[in-house]
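Student: Just passing along the structure, written as C-alpha cells.
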C-alpha cells in the first residue's frame, strides 16, 4: 500500500499536483466557450485555460488524436494545434472508451477519497494522520 501511495504522489507531482488536492465533481471541470458556435468543451486538466485562450482553442478534433499521448485542438482562425506529451494524457475506461486523465478526487460511496477519472485507481481514508506513511 505504501508503494502504491508513493507512486501516486510521484505521478501527481509530475502532472502538476496543484489541482490534485481539490475534490471536485464532473460538473466543476474547466470549460471554454466557443464564441463562434456557443459550444462548450472541457479542457483536459493538463492544458491551462490561459494557454487555450491565448492560442484560441475552441474545440477538440478527436478524429485527429491518434494515441493516448496527443491532444488536437481546433483554433478560432481555422488552424489546428497538436500537443504531444511524453506520457499518456488519456486512458481507456472499463468500457473501452478513451477518457482524459484528470487529477480530480472524489468521495466514494463508503466515504473514502479516490481518484475520479484516471487509469491509476487510488483510494485514501477519510482522515490521514501525520506520520501514517512514515512521514514526520
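The values are calculated or read from the model by the stated rules, or taken from the named source; none is laboratory data. Since the structure is predicted, the reported quantities are computational estimates derived from the model, not experimental observations. Positions of Cβ are backbone-derived with ideal geometry, glycine not excepted, and every protein chain shown enters the neighbour counts.
Student: Being closer than 24 Å to residue 92 by Cα and exposed (fewer than 15 other Cβ atoms within 10 Å of the Cβ) is the filter here; which residues of region 52-79 pass it?
Tutor: 61, 62, 63, 64, 66, 67, 69
Student: In addition: Residues 86, 119, 36: which one is exposed (fewer than 12 other Cβ atoms within 10 Å of the Cβ), modelled with pLDDT under 85 and in a loop (DSSP other than H, G, I, E, B)? It would help to see each step written out before you state the result.
Tutor: Working: 86 fails: modelled with pLDDT under 85; 119 fails: exposed (fewer than 12 other Cβ atoms within 10 Å of the Cβ).
Unique residue meeting the criteria: 36.
Student: Now, a different point. Spot the failing condition for residue 49; the list is (1) surrounded by 11 or more Cβ atoms within 10 Å (Cβ to Cβ); (2) modelled with pLDDT under 50, and only one is missed.
Tutor: (2)
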